[in-house]
1. In segment 157-185, how many residues are closer than 26 Å to A93 by Cβ, of a type in the set (A, V, I, L, M, F, W, C) and either under 13 Å from the mean Cα position of the chain (by Cα) or open to solvent by 10 Å² or more (accessible area, probe 1.4 Å) (or both)?
2. Could you list all residues from segment 121-134 that are touching a Phe, Trp or Tyr at 6+ places or on another chain (Cβ under 9 Å), open to solvent by less than 10 Å² (accessible area, probe 1.4 Å) and not in a helix (DSSP H, G or I)?
3. Just for helices (runs of 4 or more DSSP H) wholly inside segment 198-308: which have at least 3 residues that are at pLDDT 95 or above and more than 17 Å from the chain's Cα centre (by Cα)?
4. Return the pair list, or none, for Cβ contacts closer than 7 Å from residues in segment 60-82 that are within 11 Å of A123 (Cα to Cα) and among the β-branched types (V, I, T) to residues that are in a helix (DSSP H, G or I) and open to solvent by less than 30 Å² (accessible area, probe 1.4 Å), at least 6 apart or on different chains.
5. I'd like to know if segment 3-21 contains one or more residues that are touching a Gly at 6+ places or on another chain (Cβ under 6 Å), modelled with pLDDT under 95 and surrounded by fewer than 20 Cβ atoms within 10 Å (Cβ to Cβ).
6. Any residue in segment 154-168 that is of a type in the set (D, E, K, R), outside any strand (DSSP E or B) and closer than 20 Å to R118 by Cβ?
7. Checking the conditions here, which among G109, G90, G188 is surrounded by fewer than 23 Cβ atoms within 10 Å (Cβ to Cβ), among the small types (G, A, S) and under 23 Å from L254 (Cα atoms)?
8. Please work out which residue is surrounded by the fewest Cβ atoms within 10 Å (Cβ to Cβ), limiting yourself to segment 49-65 and to residues that are closer than 16 Å to A277 by Cα and of a type outside the set (A, V, I, L, M).
Amino acid sequence: MLGPVILAASRSDKMRRIVSAAPVTKPVVNRFIPGETVDQVIPIVEDLTRNGLEVTLDVVGEDITAVEQSHAARDAYLQLIERLAELGLGEKAEMSVKLSMFGQALEGGHELALANVRPVVEAAAAIGTTVTLDAEDHTTLDSMFAIHEELREDFPQTGCVIQAYLFRTEADARRLAANGSRVRIVKGAYKEPAEVAYQDKAEIDKAYVRILKILMEGSGYPMIGSHDPRLIAIGQELARTAGRKLDEYEFQMLYGIRSEEHLRLAAEGHRMRVYTAYGTDWYGYFMRRLAEKPANLLFFVRSMITKN
């Protein structure tokens, strides 16, 4: 019940000010977002990769209001790629991008987002890595999938994200699995109406399994985005049933959540990628992490009570 309330708060300027001003907020945010700059996050990347993990990096930010901000987002990713190249981390670290941050919602947003993300994808390919287009709310997805398809003409390794709670996703999965895409499946973390999305957790879990089965039986590369032990076990079984080798799919989890499980899966020979966000515009990302899992919210509340 609290999930929709928290998601609504993620769009509230008043709640942004309250949460940002709370003394306890920063230490808790650091659990999920380990830095605000490239210099702060690079040591985290080095540490994770030394431990047999791979990384996808997200420069946090969305809902921009000016073209200049979209260019700043592009340049932030280009700076990140330059640093990864210097350190030889291209093969272990990819990027995740939100097209809203690249100007998708502005006037002429589809073309603007494509123009901004293309040089990032090109630069990533030049250092041996790739980019995954994150899924946002359902109104943005047709544009995201069209940009994904166009980018794949020159950079076929470009990935995208699908969300199990949306009714449309099974059809999207069949299309993407058939054309060999890299696809991350997640449950979904935006407030969506009942007309387009499952509202019941059990229904979302069932949809997740159906969609993951489609991906595993297809010709693409599935990326299992989940911290749910049951879904992780089902993913392993579906991979075995589909005859997939350990390097023909991967698990993805968020930085700061179930870190011991990251290491366990890697030790078993699985590809395990840690979604690691950084940057100053952390509020929306942080609030969605709280909404996704009650334990995250309890962790935050408990910290506030302890500090007060």
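1. Counting residues in segment 157-185 that are closer than 26 Å to A93 by Cβ, of a type in the set (A, V, I, L, M, F, W, C) and either under 13 Å from the mean Cα position of the chain (by Cα) or open to solvent by 10 Å² or more (accessible area, probe 1.4 Å) (or both) gives 5.
2. Selection gives V131, L133.
3. Details: elements: 201-217, 229-241, 259-267, 283-292, 294-307.
In segment 198-308, 201-217, 229-241, 259-267 are the helices (runs of 4 or more DSSP H) which contain 3 or more residues that are at pLDDT 95 or above and more than 17 Å from the chain's Cα centre (by Cα).
4. Cβ pairs passing all conditions: I81/A123; I81/A124.
5. Step one: of segment 3-21, the residues touching a Gly at 6+ places or on another chain (Cβ under 6 Å) are 10.
Narrowing the set further to residues that are modelled with pLDDT under 95 leaves 10.
Subsequent filtering for residues that are surrounded by fewer than 20 Cβ atoms within 10 Å (Cβ to Cβ) retains none.
No, because not a single residue in segment 3-21 is touching a Gly at 6+ places or on another chain (Cβ under 6 Å), modelled with pLDDT under 95 and surrounded by fewer than 20 Cβ atoms within 10 Å (Cβ to Cβ).
6. Just the residues of segment 154-168 that are of a type in the set (D, E, K, R), to begin with: 154, 168.
Okay, now just the ones that are also outside any strand (DSSP E or B), so 154, 168.
So of that shortlist, the ones also closer than 20 Å to R118 by Cβ come out as 154.
Scanning segment 154-168 turns up at least one residue that is of a type in the set (D, E, K, R), outside any strand (DSSP E or B) and closer than 20 Å to R118 by Cβ.
7. On the way: G109 fails: under 23 Å from L254 (Cα atoms); G188 fails: surrounded by fewer than 23 Cβ atoms within 10 Å (Cβ to Cβ).
From the options G109, G90, G188, the qualifying one is G90.
8. Applying the first criterion (closer than 16 Å to A277 by Cα) to segment 49-65 yields 49, 53-62.
From what is left, the residues that are of a type outside the set (A, V, I, L, M) are 49, 54, 56, 58, 61-62.
Numbers: T49: 17, E54: 21, T56: 25, D58: 23, G61: 22, E62: 19.
Checked segment 49-65; the qualifying residue surrounded by the fewest Cβ atoms within 10 Å (Cβ to Cβ) is T49.
The values are calculated or read from the model by the stated rules, or taken from the named source; none is laboratory data. A quick note: this is a predicted structure, and the numbers were derived from the prediction, not measured. Please note: Cβ atoms are built from the backbone with ideal geometry, for glycine as well, and neighbour counts cover all protein chains shown. Just the protein is used for accessible areas: all its heavy atoms, side chains included, with ligands, DNA and RNA removed. Shrake-Rupley method; radii C 1.70, N 1.55, O 1.52, S 1.80 Å.
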